[in-house]
1. Six or more apart or on different chains, Cβ atoms under 6 Å: show the pairs whose first residue is in the stretch 254-283 and of a type in the set (S, T, N, Q) and whose second is assigned to a helix (DSSP H, G or I) and surrounded by fewer than 16 Cβ atoms within 10 Å (Cβ to Cβ).
2. Could you tell me whether any residue of the stretch 52-59 is outside any helix (DSSP H, G or I), free of Cβ contacts under 8 Å to residues at least 12 places away in the same chain and under 25 Å from P292 (Cα atoms)?
3. Among the residues of the stretch 119-158, write down those that are buried (at least 19 other Cβ atoms within 10 Å of the Cβ), without any contact (Cβ under 8 Å) to a residue 24 or more places away in the chain and over 30 Å from T180 (Cα atoms).
4. Go through the stretch 8-51 and count every residue that is hydrophobic (A, V, I, L, M, F, W, C), touching a residue at least 40 places away in the same chain (Cβ under 8 Å) and over 24 Å from V78 (Cα atoms).
5. If Q83 satisfies every condition in (1) in contact (Cβ under 8 Å) with a residue 60 or more places away in the chain; (2) under 22 Å from C288 (Cβ atoms); (3) among the polar types (S, T, N, Q) but one, which is the exception?
6. Does the stretch 4-24 contain any residue that is closer than 27 Å to G156 by Cβ, open to solvent by 20 Å² or more (accessible area, probe 1.4 Å), modelled with pLDDT under 90 and assigned to a helix (DSSP H, G or I)?
7. Would you tally the residues in the stretch 159-182 being touching a residue at least 60 places away in the same chain (Cβ under 8 Å), touching a strand residue (DSSP E or B) at 6+ places or on another chain (Cβ under 9 Å) and either hydroxyl-bearing (S, T, Y) or assigned to a helix (DSSP H, G or I) (or both)?
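The values are calculated or read from the model by the stated rules, or taken from the named source; none is laboratory data. Worth saying up front: this structure is predicted, and the values here are computed from it rather than measured. Virtual Cβ from ideal backbone geometry, glycine too; neighbours counted across all protein chains shown. Surface areas here come from the heavy atoms of the whole protein model, side chains and all, with no ligands, DNA or RNA. Shrake-Rupley method; radii C 1.70, N 1.55, O 1.52, S 1.80 Å.
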Amino acid sequence: MENSIEIPTLNEEPVFIVALQVIFVLLLIIFGLIGNFSACAMVYTHRHLQTVPNFLIVNLSISDILRIAFTLLVSTGVLIKRQWIFNETLCRVNGCYTLTFLLASLMSVTIISANRYFLIVRPSESATFFSKRRTRAMVVLLWFLAVFSALPPNFGWGHYGFFASRATCFIAVGSSYSYTTFLVLAFIATPFSVLIWCYFKIYMAIRRSRRRVMEQGVRTLARTLSAEGKESRIHKEVKVAKTVLLLIGVYIVTWIPILVIHFLRVARIGYIPDSVDLAAAFLMSMSCVTNPWIYGYRNRHFRDQLRRMLCITNRVTHLVERQQVMNNIGHHK
């Protein structure tokens, strides 16, 4: 029997507050699209950047682009109209693909951490375990699991409903505790445990490496880290690991509030104001904006790609303005 979902309206807010909400989401969309498209274009246009770690970053950017285009844009319309702007069927579809993109993003971050672990802790096995062929298979499996795990609510194991406090459709609280438990264990507890374990091992490996370097002395360090003015591969991997750790740290921080609120609601502990829930949802959405900017902020190719995109934008603006001037001249004649 198909469940009928409730479609409540959003709370009435002053125009100023609504405008702030819409502007914030629009900024997330703009910066998220610019950053993620720049990351993808950077890897696509530079052959030497087409490596397995960057391929995984591109996959994360793709999941974020899809989430921005299909979830945040819809949420913008909901915030403006103060109600769900489609029918019940599309609410279920919206909830299904929103969960799919979230799960794909979580698993992408987990695989990125595992790849960084192999590159630093077990470099001799990295090329074998994360070969291009196996990495492609992992990404395909990742998306298959994300889609497969988001489908059950459409077939009776729980159901999707409209969250007015989050301006989107998602799994209705209390619709199925078994399904929620499955998601928490499989796609939150397990990935976060893998993240912590990988970066603990990376930290210990870096610490041992530094200890050995200190024992060898400063001169040996200089000879080790520099060869004809170039940094060693291990030193580069450590620098990238720190950047990725920052990315994952921000990612986890942006997710914590929404997870806490969800658990409080499931346990029926206290009352969560809609404004707090919406702020937590906005914060979680920031993860799809921060990912490319954190990864690319020290990357020269990323900055160059941004400049090229801005030049194209300026050129298009100049052409539009020039055409308007020509039209005005023709009109006066």
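1. T254/L283
2. First, pick out the residues of the stretch 52-59 that are outside any helix (DSSP H, G or I): none.
No: the stretch 52-59 contains no residue that is outside any helix (DSSP H, G or I), free of Cβ contacts under 8 Å to residues at least 12 places away in the same chain and under 25 Å from P292 (Cα atoms).
3. Selection gives S126 alone.
4. Pass one, the stretch 8-51, residues hydrophobic (A, V, I, L, M, F, W, C): 10, 15-20, 22-31, 33-34, 37, 39-43, 49.
Pick out the ones that are also touching a residue at least 40 places away in the same chain (Cβ under 8 Å) and you get 10, 18, 22, 24-26, 28-29, 31, 34, 37, 39, 41-42, 49.
From what's left, over 24 Å from V78 (Cα atoms): 37, 39, 41-42, 49.
Here the count works out to 5.
5. Of everything listed in (1) in contact (Cβ under 8 Å) with a residue 60 or more places away in the chain; (2) under 22 Å from C288 (Cβ atoms); (3) among the polar types (S, T, N, Q), Q83 misses just condition (2).
6. no
7. Filtering the stretch 159-182 for residues touching a residue at least 60 places away in the same chain (Cβ under 8 Å) gives 159-175, 177, 180.
From the residues that got through so far, the ones that are touching a strand residue (DSSP E or B) at 6+ places or on another chain (Cβ under 9 Å) too are 159-164, 168-173, 175, 180.
Of the ones still in play, those that are also either hydroxyl-bearing (S, T, Y) or assigned to a helix (DSSP H, G or I) (or both) are 160, 168, 175, 180.
Residues in the stretch 159-182 being touching a residue at least 60 places away in the same chain (Cβ under 8 Å), touching a strand residue (DSSP E or B) at 6+ places or on another chain (Cβ under 9 Å) and either hydroxyl-bearing (S, T, Y) or assigned to a helix (DSSP H, G or I) (or both): 4 in total.
Quick grid of which residues meet (1) closer than 23 Å to I65 by Cα; (2) surrounded by 14 or more Cβ atoms within 10 Å (Cβ to Cβ); (3) modelled with pLDDT of 80 or more:
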position: T180; (1), (2), (3): no, yes, yes
position: Q216; (1), (2), (3): no, no, no
position: R219; (1), (2), (3): no, no, no
position: E237; (1), (2), (3): no, yes, no
position: T254; (1), (2), (3): yes, yes, yes
position: I272; (1), (2), (3): no, yes, no
position: L283; (1), (2), (3): yes, yes, yes
